[in-house]
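*Asks:* Have a look at the structure that comes next, please.
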Ligand code: DGT
(Lines give C-alpha, C1' and ligand atoms only; values in the text may rest on other atoms or scores of the structure.)
Protein backbone atom coordinates (compact mmCIF):
# COMPACT_ATOMS: atom_id res chain seq x y z
CA UNK A 1 0.00 0.00 0.00
CA UNK A 2 0.91 3.65 -0.28
CA UNK A 3 1.84 3.93 3.40
CA UNK A 4 4.05 0.79 3.29
CA UNK A 5 5.95 2.28 0.39
CA UNK A 6 6.32 5.49 2.35
CA UNK A 7 7.61 3.65 5.43
CA UNK A 8 10.12 1.68 3.32
CA UNK A 9 11.29 4.89 1.78
CA UNK A 10 11.70 6.52 5.20
CA UNK A 11 13.58 3.47 6.54
CA UNK A 12 15.88 3.67 3.56
CA UNK A 13 16.51 7.33 4.24
CA UNK A 14 17.17 6.65 7.91
CA UNK A 15 19.67 3.92 7.17
CA UNK A 16 21.57 6.36 5.02
CA UNK A 17 23.84 8.04 7.54
CA UNK A 18 23.59 11.33 5.72
CA UNK A 19 19.86 11.57 6.31
CA UNK A 20 18.59 11.55 9.84
CA UNK A 21 15.18 12.43 11.16
CA UNK A 22 14.85 15.91 12.65
CA UNK A 23 11.87 16.94 14.76
CA UNK A 24 11.33 20.48 16.04
CA UNK A 25 8.94 21.08 18.91
CA UNK A 26 7.20 24.40 18.48
CA UNK A 27 4.58 26.52 20.23
CA UNK A 28 4.05 29.72 22.15
CA UNK A 29 5.84 30.70 25.38
CA UNK A 30 4.87 28.32 28.19
CA UNK A 31 3.12 25.74 26.00
CA UNK A 32 5.18 22.85 27.41
CA UNK A 33 7.99 22.25 24.95
CA UNK A 34 10.52 21.53 27.69
CA UNK A 35 8.10 19.09 29.34
CA UNK A 36 7.77 17.16 26.09
CA UNK A 37 11.54 17.04 25.62
CA UNK A 38 12.09 15.87 29.18
CA UNK A 39 9.44 13.22 28.75
CA UNK A 40 11.27 11.65 25.80
CA UNK A 41 14.69 11.87 27.47
CA UNK A 42 14.23 8.32 28.73
CA UNK A 43 13.99 7.01 25.17
CA UNK A 44 17.13 5.52 23.67
CA UNK A 45 18.49 6.59 20.29
CA UNK A 46 17.09 10.05 20.41
CA UNK A 47 19.22 13.12 20.73
CA UNK A 48 17.54 15.95 22.61
CA UNK A 49 18.53 19.55 22.09
CA UNK A 50 16.87 21.87 24.57
CA UNK A 51 16.49 25.50 23.63
CA UNK A 52 19.59 27.45 24.56
CA UNK A 53 17.57 30.02 26.54
CA UNK A 54 20.13 29.89 29.36
CA UNK A 55 22.76 31.06 26.89
CA UNK A 56 20.58 34.03 25.91
CA UNK A 57 20.24 34.94 29.57
CA UNK A 58 23.96 34.92 30.10
CA UNK A 59 26.14 36.01 27.20
CA UNK A 60 29.38 36.61 29.01
CA UNK A 61 27.44 38.04 31.92
CA UNK A 62 24.85 39.92 29.82
CA UNK A 63 21.18 38.96 29.86
CA UNK A 64 20.01 39.52 26.27
CA UNK A 65 16.53 38.16 26.99
CA UNK A 66 15.98 40.63 29.79
CA UNK A 67 17.31 43.51 27.69
CA UNK A 68 15.00 42.58 24.82
CA UNK A 69 11.91 42.58 27.06
CA UNK A 70 12.91 45.88 28.67
CA UNK A 71 13.73 47.73 25.47
CA UNK A 72 12.91 45.72 22.35
CA UNK A 73 13.65 48.58 19.99
CA UNK A 74 17.23 48.82 21.22
CA UNK A 75 17.96 45.15 21.99
CA UNK A 76 15.65 43.08 19.79
CA UNK A 77 18.24 42.86 17.03
CA UNK A 78 20.94 41.86 19.51
CA UNK A 79 18.89 39.00 20.93
CA UNK A 80 17.66 37.81 17.53
CA UNK A 81 21.16 37.76 16.08
CA UNK A 82 22.28 35.61 18.97
CA UNK A 83 19.19 33.38 18.86
CA UNK A 84 19.81 32.84 15.15
CA UNK A 85 23.41 31.84 15.86
CA UNK A 86 22.53 29.39 18.66
CA UNK A 87 19.72 27.87 16.58
CA UNK A 88 22.04 27.43 13.62
CA UNK A 89 24.48 25.67 15.95
CA UNK A 90 21.71 23.33 17.10
CA UNK A 91 20.55 22.54 13.55
CA UNK A 92 24.05 21.84 12.30
CA UNK A 93 25.32 19.91 15.34
CA UNK A 94 26.55 16.55 14.10
CA UNK A 95 23.77 14.08 14.69
CA UNK A 96 24.77 10.70 16.13
CA UNK A 97 21.27 9.31 16.74
CA UNK A 98 18.64 8.40 14.15
CA UNK A 99 16.31 11.04 15.58
CA UNK A 100 17.09 14.56 16.73
CA UNK A 101 14.43 16.27 18.85
CA UNK A 102 14.94 20.03 19.03
CA UNK A 103 13.20 22.71 21.07
CA UNK A 104 12.14 25.36 18.59
CA UNK A 105 14.11 26.18 15.47
CA UNK A 106 15.69 28.82 13.32
CA UNK A 107 12.29 29.06 11.66
CA UNK A 108 10.18 30.01 14.68
CA UNK A 109 12.79 32.56 15.73
CA UNK A 110 12.29 34.22 12.34
CA UNK A 111 8.65 33.60 11.43
CA UNK A 112 7.24 34.21 14.91
CA UNK A 113 9.58 36.29 17.06
CA UNK A 114 11.41 38.50 14.55
CA UNK A 115 8.21 38.93 12.58
CA UNK A 116 6.36 39.95 15.73
CA UNK A 117 8.99 42.49 16.79
CA UNK A 118 8.91 44.03 13.34
CA UNK A 119 5.15 44.02 12.86
CA UNK A 120 4.55 45.61 16.24
CA UNK A 121 6.90 48.46 15.40
CA UNK A 122 9.57 47.36 17.86
CA UNK A 123 12.27 46.64 15.29
CA UNK A 124 13.75 49.07 12.80
CA UNK A 125 13.42 48.27 9.08
CA UNK A 126 17.18 48.00 8.71
CA UNK A 127 17.47 45.47 11.55
CA UNK A 128 14.69 43.38 10.04
CA UNK A 129 16.26 43.49 6.59
CA UNK A 130 19.72 42.50 7.84
CA UNK A 131 18.31 39.61 9.90
CA UNK A 132 16.24 38.47 6.94
CA UNK A 133 19.26 38.46 4.64
CA UNK A 134 21.19 36.40 7.17
CA UNK A 135 18.25 34.02 7.54
CA UNK A 136 17.80 33.57 3.79
CA UNK A 137 21.48 32.95 3.28
CA UNK A 138 21.48 30.36 6.07
CA UNK A 139 18.50 28.38 4.80
CA UNK A 140 19.89 28.40 1.27
CA UNK A 141 23.41 27.30 2.11
CA UNK A 142 23.33 25.36 5.39
CA UNK A 143 21.84 22.02 6.33
CA UNK A 144 18.91 23.19 8.44
CA UNK A 145 16.40 20.64 7.26
CA UNK A 146 13.41 19.66 9.40
CA UNK A 147 11.32 16.51 8.83
CA UNK A 148 8.51 17.15 11.29
CA UNK A 149 7.19 20.04 13.34
CA UNK A 150 5.28 19.22 16.50
CA UNK A 151 3.02 22.19 17.24
CA UNK A 152 1.84 22.38 20.85
CA UNK A 153 -1.26 24.45 20.28
CA UNK A 154 -2.40 26.39 23.36
CA UNK A 155 -4.83 29.21 24.10
CA UNK A 156 -3.03 32.44 24.99
CA UNK A 157 -5.14 32.79 28.17
CA UNK A 158 -3.87 29.42 29.41
CA UNK A 159 -0.28 30.43 28.66
CA UNK A 160 -0.75 33.72 30.43
CA UNK A 161 -1.61 32.02 33.70
CA UNK A 162 1.17 29.40 33.33
CA UNK A 163 3.73 32.14 32.77
CA UNK A 164 2.53 33.97 35.87
CA UNK A 165 2.86 30.75 37.85
CA UNK A 166 6.35 29.81 36.74
CA UNK A 167 7.64 33.29 37.57
CA UNK A 168 10.59 33.48 35.21
CA UNK A 169 11.87 36.93 36.10
CA UNK A 170 12.21 38.33 32.55
CA UNK A 171 8.69 37.22 31.59
CA UNK A 172 6.70 38.77 34.44
CA UNK A 173 5.74 41.81 32.38
CA UNK A 174 4.51 39.90 29.30
CA UNK A 175 1.02 41.15 28.42
CA UNK A 176 -1.72 38.86 27.13
CA UNK A 177 -1.66 40.81 23.86
CA UNK A 178 1.94 39.70 23.20
CA UNK A 179 0.94 36.05 23.61
CA UNK A 180 -2.06 36.56 21.33
CA UNK A 181 0.14 38.06 18.61
CA UNK A 182 2.65 35.21 18.86
CA UNK A 183 -0.24 32.72 18.84
CA UNK A 184 -1.59 34.23 15.63
CA UNK A 185 1.80 33.90 13.95
CA UNK A 186 2.07 30.24 14.96
CA UNK A 187 -1.46 29.68 13.61
CA UNK A 188 -0.68 31.45 10.34
CA UNK A 189 2.44 29.34 9.96
CA UNK A 190 1.26 25.88 10.97
CA UNK A 191 -2.51 25.88 10.50
CA UNK A 192 -3.27 28.38 7.73
CA UNK A 193 0.10 27.83 5.98
CA UNK A 194 0.27 31.51 5.18
CA UNK A 195 3.92 32.11 6.06
CA UNK A 196 7.29 30.54 5.70
CA UNK A 197 9.37 28.31 3.48
CA UNK A 198 8.45 25.13 5.36
CA UNK A 199 4.99 24.56 3.86
CA UNK A 200 5.94 21.05 2.69
CA UNK A 201 7.15 19.92 6.10
CA UNK A 202 4.70 17.75 7.99
CA UNK A 203 3.08 19.29 11.08
CA UNK A 204 1.71 17.30 14.00
CA UNK A 205 -0.71 19.47 15.96
CA UNK A 206 -1.23 18.56 19.62
CA UNK A 207 -3.74 20.34 21.85
CA UNK A 208 -1.62 21.48 24.79
CA UNK A 209 -4.25 23.17 26.94
CA UNK A 210 -4.45 20.34 29.47
CA UNK A 211 -2.40 20.29 32.62
CA UNK A 212 1.19 19.42 31.89
CA UNK A 213 0.78 16.03 33.63
CA UNK A 214 -2.13 15.09 31.38
CA UNK A 215 -0.03 15.94 28.38
CA UNK A 216 2.01 12.80 28.92
CA UNK A 217 -0.96 10.79 27.69
CA UNK A 218 -0.98 12.78 24.48
CA UNK A 219 2.78 12.36 24.03
CA UNK A 220 2.46 8.63 24.45
CA UNK A 221 -0.34 8.53 21.90
CA UNK A 222 1.89 10.22 19.35
CA UNK A 223 5.16 8.52 20.30
CA UNK A 224 5.59 6.62 17.03
CA UNK A 225 4.90 9.66 14.96
CA UNK A 226 7.32 11.87 16.93
CA UNK A 227 10.07 9.26 17.19
CA UNK A 228 9.64 7.09 14.10
CA UNK A 229 11.26 3.65 14.01
CA UNK A 230 12.91 3.86 17.40
CA UNK A 231 9.92 3.56 19.72
P1 LIG B 1 7.96 25.91 27.24
O2 LIG B 1 8.84 24.78 27.64
O3 LIG B 1 7.04 25.57 26.12
O4 LIG B 1 7.31 26.56 28.40
O5 LIG B 1 8.91 26.93 26.56
P6 LIG B 1 9.61 28.20 27.12
O7 LIG B 1 8.61 29.26 27.39
O8 LIG B 1 10.57 27.85 28.20
O9 LIG B 1 10.47 28.54 25.85
P10 LIG B 1 10.18 29.58 24.70
O11 LIG B 1 10.97 29.21 23.54
O12 LIG B 1 8.73 29.68 24.42
O13 LIG B 1 10.71 30.93 25.27
C14 LIG B 1 11.69 31.14 26.25
C15 LIG B 1 11.80 32.64 26.42
O16 LIG B 1 12.54 33.19 25.36
C17 LIG B 1 10.47 33.35 26.38
O18 LIG B 1 10.51 34.45 27.26
C19 LIG B 1 10.32 33.80 24.95
C20 LIG B 1 11.73 34.03 24.57
N21 LIG B 1 12.06 33.72 23.18
C22 LIG B 1 12.30 32.51 22.66
N23 LIG B 1 12.72 32.59 21.40
C24 LIG B 1 12.75 33.90 21.11
C25 LIG B 1 13.10 34.65 19.98
O26 LIG B 1 13.51 34.16 18.92
N27 LIG B 1 12.94 35.97 20.11
C28 LIG B 1 12.46 36.58 21.22
N29 LIG B 1 12.30 37.87 21.21
N30 LIG B 1 12.18 35.92 22.32
C31 LIG B 1 12.31 34.61 22.26
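*Asks:* Please name all residue pairs, on different chains or six or more residues apart, with Cβ atoms under 7 Å, provided the first residue is in the range 150-162 and is more than 13 Å from residue 174 (Cα to Cα) and the second residue is part of a helix (DSSP H, G or I) and more than 9 Å from the ligand (Cβ to nearest atom).
*Replies:* 150/226; 151/186; 151/190
*Asks:* Here is a check on your reading of the model: is residue 157 more than 12 Å from the ligand (Cβ to nearest atom), in contact with a strand residue (DSSP E or B) (Cβ under 9 Å, 6 or more places away or on another chain) and not in a loop (DSSP other than H, G, I, E, B)? Write out each step before concluding.
*Replies:* Working: more than 12 Å from the ligand (Cβ to nearest atom): yes; in contact with a strand residue (DSSP E or B) (Cβ under 9 Å, 6 or more places away or on another chain): no; not in a loop (DSSP other than H, G, I, E, B): yes.
No: the conditions fail for residue 157.
*Asks:* Determine if the range 201-213 includes at least one residue that is within 26 Å of residue 57 (Cβ to Cβ), more than 12 Å from the ligand (Cβ to nearest atom) and either surrounded by fewer than 16 Cβ atoms within 10 Å (Cβ to Cβ) or at pLDDT 95 or above (or both).
*Replies:* No, there is no match, as no residue in the range 201-213 is within 26 Å of residue 57 (Cβ to Cβ), more than 12 Å from the ligand (Cβ to nearest atom) and either surrounded by fewer than 16 Cβ atoms within 10 Å (Cβ to Cβ) or at pLDDT 95 or above (or both).
*Asks:* Kindly provide the set of residues from the range 42-68 that are farther than 29 Å from residue 216 by Cα and either surrounded by fewer than 16 Cβ atoms within 10 Å (Cβ to Cβ) or more than 10 Å from the ligand (Cβ to nearest atom) (or both), ordered by number.
*Replies:* 58, 59, 60, 61, 62, 63, 67, listed by residue number.
*Asks:* In this structure, does residue 76 turn out to be within 14 Å of the ligand (Cβ to nearest atom) and at positive phi?
*Replies:* no
Okay, residues lined up against (1) under 15 Å from the mean Cα position of the chain (by Cα); (2) part of a strand (DSSP E or B); (3) under 30 Å from residue 94 (Cα atoms):
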site	(1), (2), (3)
122	no, no, no
133	no, no, yes
146	yes, no, yes
163	no, no, no
180	no, no, no
224	no, no, yes
229	no, no, yes
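*Asks:* Quickly run through the range 79-104 and pick out the residues that are near the ligand (Cβ under 10 Å from one of its atoms) and buried (at least 22 other Cβ atoms within 10 Å of the Cβ). Working first, answer last.
*Replies:* In the first step, residues of the range 79-104 are kept if they are near the ligand (Cβ under 10 Å from one of its atoms); the result is 79-80, 82-84, 86-87, 103-104.
Matches in the range 79-104: 79, 80, 83, 87, 104.
The values are calculated or read from the model by the stated rules, or taken from the named source; none is laboratory data. Please read all numbers here as calculations on a predicted model, not as lab measurements. Note that each Cβ is placed from the backbone with ideal geometry, even for glycine, and that neighbours are counted across all protein chains shown.
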